[in-house]
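Structure first, commentary second.
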Amino acid sequence: MFSVKKHTSLLFKLLIFCSSASISTISQAKEGVWIPATIKTQEKHMKELGLEIPIEKLYNESGTGLNNAVVLFGRGCTGELISSKGLVLTNHHCGYGSVQGLGNLQRDYFATGFFAKNQQEEVPCPGLTVTFVRRMENVTEKVLPGISDTMRDAERDSIISKRIAGIEREYEIKTGYDAQIKPYFEGNQYWVAITETFKDIRLVAFPPNGIGTFGGDDENWSWPRHTGDFSLFRVYADKDNKPAAYDANNKPYNPNQFFNINIKGYKEGDFTMVYGFPGTTNEYISSFELNQVYGISDPVSIAARTPRLAVWTKHMSADRDIFQKYTSKRAGVANGWKKWQGELEGLEANHAVDKKKEFERQFQEWADKNNETPYYKTILPQLDAATKEVDNLLLQEQHIKEDVLGIELIQQGAALDRFEACFRGNFTDAELSDTLKKLTTNMNWFYKNYDAATDKDVFKKLMPIYMKKCKPWLPAYYTAEYHRFHKRTKKWARYVYENSLMTTQDKLMAFAAKATKADSNSIINDPSWQLYSNVAAIRKQNLTSKIEAFRANKHYLNRLYIKGRMDRERDKVFYPNANLTLRIAYGNVRGLDPDGPAKYSWHTTIDDMIAAGDEKVDWFKVPPYLKELYQKRDFGRWAVNDTLSLAFIADNHTTGGNSGSPVLNSRGELIGTNFDRAYEGTMSDYLFDPNRCRNITLDIRYTLFVIEKFGGAGWLIDEMNIIK
């Protein structure tokens, strides 16, 4: 028997703040995505590296910390307030989806850009939100009392979820704000974030793709970099400065904190900080799970996305309408595709799996001698056995997700599932037709950004991969169809796209308008539905429940493993994995060469961008007016030595979600906007290597130049507090 009281009291004594997921110590690396409320633990190290302001300026309980100038932008990026009138700076790619919804062929903001000339010209962005974190508090002792470490997750989560709901209500009543409690360290600790979300957000400035996505895939996840990756939005509030739905009478939000902008510049070695909402890291991953990333998920995804992106690029280059439809989708798919390639290279170069194994060997030696908590002895052997048992299942699942559901027509076969269910409902023919028409209308979002001819070519590329790689596990329908068309995927694709109701919304609407209960076979026999439903059945019968059971067991074992690591190294200060909550990272401006002294410069200039320009390549076309400003050397007050700094790199620990994060100097002043990582270091989600890992930042002076000189929106500069 284990003493509940004994082990929960040990848990509360654990140091809940950060350190390395690798074997390196804090003094050896600047890694860590730190909870702002714990940043005091890093004060000594930060000051050694150059921090000049009091640590309390970054975060404090009185509500005057710089956390009040940082926002969760939308559902997965970061933004920062840069004026007393609610002006929010974030990345171009963070605003991409919202801007795509605002534009069309006549208002092509991707081609021409958008710069409001006054507040009246600012464009509402339906559905876009920004969220402030006003305060964070450790509530572990409120959530976990009486819960033993070895309690299985089903029972544990049932108890915890009820407690969390009650605690969140208490905080909401007490503070008047929203409250959200999230687990940290796989559920060994819990923190509450007191938040405020604003819903009236308007587009202010958005440079054209020739600036905002300059370099495209070639420069994504790469250094040197020449991309002007920024956009501007404004937060609006009601007459009481509180969140409100869109209303023409709303006023610009007046924050209690916003960032001063420093245009004095920086040099290599200068201290920097990144304040934002990193999405997901897994620094404490076992070697067994890392092998699945290295050997299954990353390679399968890369192999499928390579031909899909090639098809999309070909069609987008030939037709501007298709470009509009696919540009945002393509950016999302390409982002992961290239990141995973760098991730594999970095993991291999670091011998990451071997490093994890060596740490596990040391942990096992300690666990075997630790009689106080005997369950630590079996954690790693159980993780090893569990991962090996599901390797083939995860391989099949990844191929289905990337090869089969990467084909949009098959993915949207799920919509026909809803159609088919209607035929089994208790409807009259008139009611049936009306319901089907509503379901079809609800798919406007899909058809607005879909092209059947493009998708048909994707089918031709991806289906052979699935048929070859998953041959032992194929649905019988797939095998039969493949042989019916004599293994000729082009003929199979032609049949599917000529005979499916899903290829156009008009075709689907025409069917819905005339449908009666006698037409149910039209759905059942539709090749899109057949392709979707048969692979869905395979997942349901053979994959989903087993994979979910594995993940539940893995979570349980990882929770104990992380607790064991913290028990073993009680003098070490740990940082939790990123989970899209507010964090601080810090480091120094630093060049990049994984194998020695800096191979690449630590910054780029507009001279480098112009030199990289190529009129024959869409992603490298420099906007004519930008060229004109360059030729005149008309850089205004943003110039340094008759040029314009564009981007720089530093060794801050960042990940997805940090896009748009403010990059600050030693005095907490804004010097740039984080927008990427260098390809060589994208494995930092699993293992941080200070020699390879670099965050890429857009120099604030280039941003201001584009706003004022290129966009003609100098009125926006006037509301910023600029330090010269």
Residues that are in a loop (DSSP other than H, G, I, E, B) and of a type in the set (Asp, Glu), drawn from region 448-495: Asp451
Which listed residue is of a type in the set (Ser, Thr, Tyr) and modelled with pLDDT of 95 or more, from Thr441, Thr503, Thr435, Thr428: Thr503
Yes/no for Lys142 being under 25 Å from the mean Cα position of the chain (by Cα), surrounded by fewer than 20 Cβ atoms within 10 Å (Cβ to Cβ) and under 24 Å from Glu61 (Cα atoms): no
Yes/no for Ser500 being of a type in the set (Ser, Thr, Tyr) and closer than 30 Å to Lys377 by Cβ: no
Sole residue being of a type outside the set (A, V, I, L, M, F, W, C), touching a residue at least 12 places away in the same chain (Cβ under 8 Å) and closer than 30 Å to Asp238 by Cα, chosen from Thr150, Thr175: Thr175
Residues satisfying the stated conditions in region 266-306, i.e. in a loop (DSSP other than H, G, I, E, B), among the aromatic types (Phe, Trp, Tyr) and within 22 Å of the chain's Cα centre (by Cα): Phe277, Tyr284
Of all residues making up region 102-148, the number that are charged (D, E, K, R), outside any helix (DSSP H, G or I) and within 30 Å of Lys709 (Cα to Cα): 4
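A quick yes/no check of all residues on (1) farther than 23 Å from Gln412 by Cα; (2) surrounded by 14 or more Cβ atoms within 10 Å (Cβ to Cβ); (3) out of contact with any Phe, Trp or Tyr (no Cβ under 8 Å at 6 or more places or on another chain); (4) among the β-branched types (Val, Ile, Thr):
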| residue | (1), (2), (3), (4) |
| --- | --- |
| Thr516 | no, no, yes, yes |
| Asp519 | no, yes, no, no |
| Asn534 | no, yes, no, no |
| Asn542 | no, yes, no, no |
| Glu548 | yes, no, yes, no |
| Leu560 | yes, yes, no, no |
Helices (runs of 4 or more DSSP H) (entirely within region 149-265) containing at least 2 residues that are at pLDDT 95 or above: 153-175, 209-212
Where a residue in region 222-237 is more than 20 Å from Gly74 (Cβ to Cβ) and its partner, wherever it lies, is buried (at least 24 other Cβ atoms within 10 Å of the Cβ) and of a type in the set (Lys, Arg), with Cβ under 7 Å and at least six apart: Trp223/Arg694
Matching residues in region 690-724 - criterion: being crowded, with 22+ Cβ neighbours inside 10 Å and assigned to a loop (DSSP other than H, G, I, E, B): Arg692, Cys693, Arg694, Gly711
Selection count where residues are crowded, with 16+ Cβ neighbours inside 10 Å, farther than 13 Å from Met273 by Cβ and in contact (Cβ under 8 Å) with a residue 40 or more places away in the chain, scope region 40-64: 1
Hits in region 609-624 (condition: hydrophobic (A, V, I, L, M, F, W, C) and closer than 18 Å to Tyr702 by Cα): Met609, Ile610, Ala611, Ala612, Phe620, Val622
Cβ-Cβ under 6 Å pairs, at least 6 apart or on other chains, region 551-562 side more than 18 Å from Phe363 (Cα to Cα), far side modelled with pLDDT of 95 or more: Asn553/Ala386
Filtered residues of region 628-662 (kept if surrounded by fewer than 14 Cβ atoms within 10 Å (Cβ to Cβ) and not acidic (Asp, Glu)): Gln631, Lys632, Arg633, Arg637, Asn641
Looking only at region 496-527, and only at residues there that are touching a residue at least 40 places away in the same chain (Cβ under 8 Å) and either of a type in the set (Gly, Ala, Ser) or outside any helix (DSSP H, G or I) (or both), the one that is nearest to Leu436 (Cα to Cα): Ala512
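The values are calculated or read from the model by the stated rules, or taken from the named source; none is laboratory data. Everything quoted here is computed from the prediction, not taken from an experiment. Backbone-built Cβ (ideal geometry, glycine too); neighbour counts: all protein chains shown.
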